[in-house]
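**Q** Sharing a structure below in structure tokens format, with a few things to ask.
The values are calculated or read from the model by the stated rules, or taken from the named source; none is laboratory data. Not measured: the values here are computed from a predicted model. Don't worry about glycine lacking a Cβ; one is built from the backbone with ideal geometry, like all the others, and counts go over all protein chains shown. Please note that ligands, DNA and RNA were not included when accessible areas were found on the heavy atoms of the full protein model with its side chains. Shrake-Rupley method; radii C 1.70, N 1.55, O 1.52, S 1.80 Å.
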Amino acid sequence: MGEERLKKRKGEDKGREDRQSIHSHEPQTMNLQKQANLSLYPFEIAYKNISFYFKVGLISGICMIVGTIIGSGIFVSPKSVLANVEAVGPCLTIWAACGVLATLGALCFAELGTMITKSGGEYPYLMEAFGPIPAFLFSWTSLLVTKPSSFAIICLSFAEYASAPFYPGCDPPQVVLKCLAAAAIVVITIVNSLSVKLGSYLQNFLTAAKMIIVTIIIVSGIVLLAQGKTENFKDSFKDSKISVSSISLAFYNGLWAYDGWNQLNYITEELKNPYRNLPLSIIIGIPLVTVCYVLINISYFTVMTSTELLQSQAVAVTFGDRVLYPASWIVPLFVVFSTIGSANGTCFTAGRLVYVAGREGHMLKVLSYISVKRLTPAPAIIFYGAIAIIYIIPGDIDTLINYFSFAVWIFYGLTVLALIVMRFTRKELRRPIRIPIIIPVIVTLVSILLVLAPIISAPELAYLYCTLFILSGLIVYVLFVHLKFNWPQKISKPITMHLQMLLEVVPEEEVTE
């Protein structure tokens, strides 16, 4: 039964590839990002709870944007954004500006997504504009930098809120946070390795919990404002700290909470009437998230001064203690559900990126093996969890967010630059959506500012490590993709044999034969 299902999936995917609109001559590595992010064959899975064997309409597109963006960031970033600007007014302005930037960036991606109607997000755009090397570096960075560091940040956020009720009035010990985060990674990794359905059901429940706590905080804040709790908004720009460095770092933390604004470009082929629904989903969905985020921050400031918010171990928990007592336990419980849901969703999809990289020869072949009994990419998921744990050991949330944001905005900037370049180099391409050229120019300049400003004004080793790691992908590309050296595969054969016995995994072709 499982074998027939796998064969059927392969046939469907072949048909889908045959229907792609342009660039069918691209190298096979195109499948890396497409299949990794779409979670395609041979697994019965969906990306962010939407099955791509069905067309996604406008409402589903809006829900995907909102559900993907809202996660752990809004419960972690308010403190970090405020710490960089030190006043309520600039803090709320940064949150709104992050929403505007995310909307402009998503509109740039909308033009790219309707011009190059292939799923896979940044990969096909970079491939078309700049060639295979920048596209490979994007895949390399996603594989070993942005995806696992994102997983680590979310699990550290979970640890903060899970431990906060047990350490009232003080910060939990770092060893407790790191152990809890590592335990969360291990549990989520095991769940997703054992069962696709279990991971999917867990995601549905946790997504609902996330929306419940967001609604509770916003409604509570509106009620408090109606009662006249506005004293913390007087002289809201007084004593603010405004500099290029502080604003850039505040944007890093704010934009972390908005990450996911480009997710519809990973499913361009699956959208109903993408020329209409893609820009509409963006124009409705991201401003809706922006309003939610600004209202959540306003809710926090109705009961906390700037100093109190910065001193809070977990902002949402402090809010719950002051507003919802004696039912304040609801807030940390639902925030924990929300962060676990975000972490599970990240593992649910990003593990497939490792799987496809192994299958395409960009990672060890064993990472493309499939569990015979459970039809999950168990080695890939375990590898992904292990990399995330490595990030947890030396890092804290703020450092990892800066590390993640620095890497991700390099490629966001390159992708938007690709739009500008192709306005001149690929004039023959049809552009159903054509945004004013000033928008990609603004987003590109802001991306350059976000990448360079913290390095110049507040240099940290994390930025150097990230840059070196990205550039090391050039060596990997030359040796193992261009020259096709296969000695790592030979060296790993004993490990592969032991993993086959221990995890009961086999190459994909043995499952589908």
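**Q** In terms of modelled amide H atoms, which long-range or inter-chain residues lie less than 5 Å from the amide H of Ile370?
**A** Val506, Glu508
**Q** Let me ask something else. Accessible area of the range 274-352 with a 1.4 Å probe: how many percent of it is carbon plus sulfur?
**A** Answer for the range 274-352: carbon and sulfur cover 70 percent of the accessible area.
**Q** With +1 on each Lys and Arg Cβ and -1 on each Asp and Glu Cβ, and nothing else charged, work out how big the dipole of the range 53-507 is about its Cα centre, in Debye to the nearest 20.
**A** Values: 28 positive and 20 negative charges, 290 e Å.
The dipole magnitude comes to about 1400 debye.
**Q** A further question follows. On a 29 Å Cα-Cα criterion, which of the cross-link pairs Lys147/Lys427; Lys147/Lys178; Lys79/Lys118 come out too long?
**A** Details: Lys147/Lys427 34 Å; Lys147/Lys178 18 Å; Lys79/Lys118 38 Å.
Going by Cα-Cα distance, Lys147/Lys427; Lys79/Lys118 fall outside the 29 Å limit.
**Q** Using modelled amide H (1.01 Å from N, peptide plane; none on Pro or chain starts), what sits under 5 Å from the amide H of Ala87, excluding residues fewer than 5 places away?
**A** For Ala87, the qualifying residues are Lys241.
**Q** Where the accessible area of the range 416-464 is counted over protein heavy atoms with a 1.4 Å probe, how much of it, in %, is carbon and sulfur? Could you put the intermediate results ahead of the total?
**A** On the way: 2020 of 2710 Å².
Carbon plus sulfur share of accessible area: 75 percent.
**Q** In debye, nearest 20, what is the charge dipole magnitude of the range 142-258 about its Cα centre with +1 on Lys and Arg Cβ and -1 on Asp and Glu Cβ, if you could check?
**A** 240 debye
**Q** Now, a different point. Using per-residue counts of other Cβ atoms within 10 Å, averaged over each peptide, order 410-423, 438-451 from highest down. Don't jump to the answer; show the numbers that get you there.
**A** On the way: 410-423: 21.6, 438-451: 18.2.
Taking the mean over residues of other Cβ atoms within 10 Å, the ranking is 410-423, 438-451.
**Q** Please turn the phi angles of the range 227-243 into ³J(HN,Hα) values with the Karplus equation 6.51 cos²θ - 1.76 cosθ + 1.60 (θ = phi - 60°), one per residue in order, whole Hz, x for glycine and proline.
**A** 3J(HN,Hα) across the range 227-243, in whole Hz: 7, x, 7, 10, 5, 6, 9, 6, 6, 5, 9, 5, 6, 6, 10, 10, 8.
**Q** Right, next: Over the Cα atoms of the range 53-507, how large are the radius of gyration and the largest Cα-Cα distance (Dmax), in Å?
**A** 22.0, 70
**Q** Using a probe radius of 1.4 Å on heavy atoms only, what accessible surface per residue do you get for the range 53-507? Whole Å² is fine.
**A** On the way: 17600 Å² over 455 residues.
Ligands and nucleic acids excluded, the result is 39 Å² per residue.
**Q** Please work out the Cα center distance from the range 206-235 to the range 436-472, rounded to the nearest Å.
**A** 34 Å
**Q** Distance between Cα centroids, the range 136-178 to the range 246-321: provide it in whole Å.
**A** 18 Å
**Q** What whole-number volume per residue, in cubic angstrom, does the convex hull of the C-alpha atoms of the range 399-462 give?
**A** Details: hull volume 5.8 nm³, N = 64.
That works out to 90 Å³ per residue.
**Q** Rounded, prolate or oblate: which fits the range 76-202 when a ≥ b ≥ c are the square roots of the eigenvalues of the alpha-carbon gyration tensor, with rounded for a/c under 1.5 and prolate only if a/b beats b/c?
**A** Oblate.
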